[in-house]
Amino acid sequence: MDKSKRPFLKSKRSFRRRLPPIQSGDRIDYRNMSLISRFISEQGKILSRRVNRLTLKQQRLITIAIKQARILSLLPFLNNEKQFEKGELTVRTTGLRTRIK
């Protein structure tokens, strides 16, 4: 039997449909911190649509709500807590070099 004449066989794996991350009753708003925090990474970045499993319209509304919450200081722009938890604070030099004659 030629490869071109073989019928297309689908896999018999069962497919479990995932629940949508935003329910119909949830309001996408900058004040709804419990909803917004689900769509932000540990570093404070907005997660992509593929990761969130959102529609385009929902992703746009979530992005706008996150940005509004950041501007109103409800959310940090960056989450750098890991740097400070590691231990001592590192001292930065200014970059000015002095020449010894």
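The values are calculated or read from the model by the stated rules, or taken from the named source; none is laboratory data. Nothing here was measured: the structure is a model prediction, and the numbers come from that model. Neighbour counts are summed over all protein chains in view; Cβ atoms, including those assigned to glycine, are modelled from backbone coordinates with ideal geometry. To get the accessible areas, we keep the full protein, side chains included, count just its heavy atoms, and leave off ligands, DNA and RNA. Shrake-Rupley method; radii C 1.70, N 1.55, O 1.52, S 1.80 Å.
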Charge dipole magnitude, Cβ of K and R +1, D and E -1 - the stretch 33-72, Cα centre, debye nearest 20: 200
Heavy atoms of L74 accessible to a 1.4 Å probe, total area in Å² rounded to 10: 90
Surrounding net charge for L74, when Lys and Arg each add one and Asp and Glu each subtract one, Cβ distance under 14 Å: +2
Global form of the stretch 33-72, assessed from the alpha-carbon gyration tensor, a/c cut-off 1.5: oblate
Heavy atoms of F77 accessible to a 1.4 Å probe, total area in Å² rounded to 10: 130
Local net charge near R49, Cβ-Cβ under 13 Å (Lys/Arg +1, Asp/Glu -1): +4
Approximate spin-label separation V51-S73, in nm, with each point projected 7 Å along Cα-to-Cβ: 2.8
